[in-house]
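The values are calculated or read from the model by the stated rules, or taken from the named source; none is laboratory data. Values in this document were obtained by computation on a predicted structure and should not be read as measured data. Note: ideal-geometry Cβ built from the backbone for every residue, glycine included; neighbour counts use all protein chains shown.
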Amino acid sequence: TDPTSPAAPAAESVLASLRAHDPRLLLSQRDVARLAPALSTWLERGVQPDAAARTLTADLPGGLIRRPAGIVAYRLANWLPPALPADLPGQAPTLPRPDPLQNCDGCDRAFRAPSPGRCRDCTEAQEAAA
């Protein structure tokens, strides 16, 4: 991955912040620079930075970690997620957004509708009175 790619600064930021998730993952600047291209690949494949950090810091071995950069490098290389296909088959269609909240012109109750007007109860009461 190109170190000048848009994902490179985000990758460096994620790698530098791993110690906030687990203090044993204190990486040197040299380690961050060496590992950033691999993490950039993850980010370019659609992995969110916080998801990458959680994955890299999950289920670490107990006790002292002698080579934190080695563990991170292993996980970056061996846990690389596949690229998402352009059109995901079977992907659930996006659900329409709910109608916005409106205030009823009759009783000032909030209800969802595409345009202002009366709530169901006021509409039914008005129709019953007519």
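Pairing each residue of the range 56-74 that is assigned by TED's automatic domain parsing to the domain that holds His21 with any residue that is hydroxyl-bearing (Ser, Thr, Tyr), provided the two are 6+ apart or on different chains, yields C-beta distances under 8 Å for Ala69/Ser28.
Based on this model, can you work out whether Arg19 counts as over 22 Å from the mean Cα position of the chain (by Cα) and free of Cβ contacts under 8 Å to residues at least 40 places away in the same chain? Give the derivation first.
Values: over 22 Å from the mean Cα position of the chain (by Cα): no; free of Cβ contacts under 8 Å to residues at least 40 places away in the same chain: yes.
For Arg19, the condition - over 22 Å from the mean Cα position of the chain (by Cα) and free of Cβ contacts under 8 Å to residues at least 40 places away in the same chain - is not met.
Restricting Leu35, Leu25 to those that are in contact with a Ser or Thr (Cβ under 9 Å, 6 or more places away or on another chain) and surrounded by 14 or more Cβ atoms within 10 Å (Cβ to Cβ) reduces the list to Leu25. Would you confirm, using the coordinates I've provided, whether Ala77 is closer than 22 Å to Ala7 by Cβ, modelled with pLDDT of 95 or more and loosely packed, with under 14 Cβ neighbours inside 10 Å? When the stated conditions are applied, Ala77 passes them. Any residue at all in the range 57-74 that's at pLDDT below 95 and within 16 Å of the chain's Cα centre (by Cα)? So far as the range 57-74 goes, no, none of its residues is at pLDDT below 95 and within 16 Å of the chain's Cα centre (by Cα). Evaluate the range 119-126: report whether one residue or more is of a type in the set (S, T, N, Q) and assigned to a loop (DSSP other than H, G, I, E, B). The answer is no; no qualifying residue exists.
Right, Ser17: surrounded by 14 or more Cβ atoms within 10 Å (Cβ to Cβ), within 30 Å of Ala86 (Cβ to Cβ) and either small (Gly, Ala, Ser) or in contact with a strand residue (DSSP E or B) (Cβ under 6 Å, 6 or more places away or on another chain) (or both) or not? Can you show your working first?
Details: surrounded by 14 or more Cβ atoms within 10 Å (Cβ to Cβ): yes; within 30 Å of Ala86 (Cβ to Cβ): no; either small (Gly, Ala, Ser) or in contact with a strand residue (DSSP E or B) (Cβ under 6 Å, 6 or more places away or on another chain) (or both): yes.
For Ser17, the condition - surrounded by 14 or more Cβ atoms within 10 Å (Cβ to Cβ), within 30 Å of Ala86 (Cβ to Cβ) and either small (Gly, Ala, Ser) or in contact with a strand residue (DSSP E or B) (Cβ under 6 Å, 6 or more places away or on another chain) (or both) - is not met.
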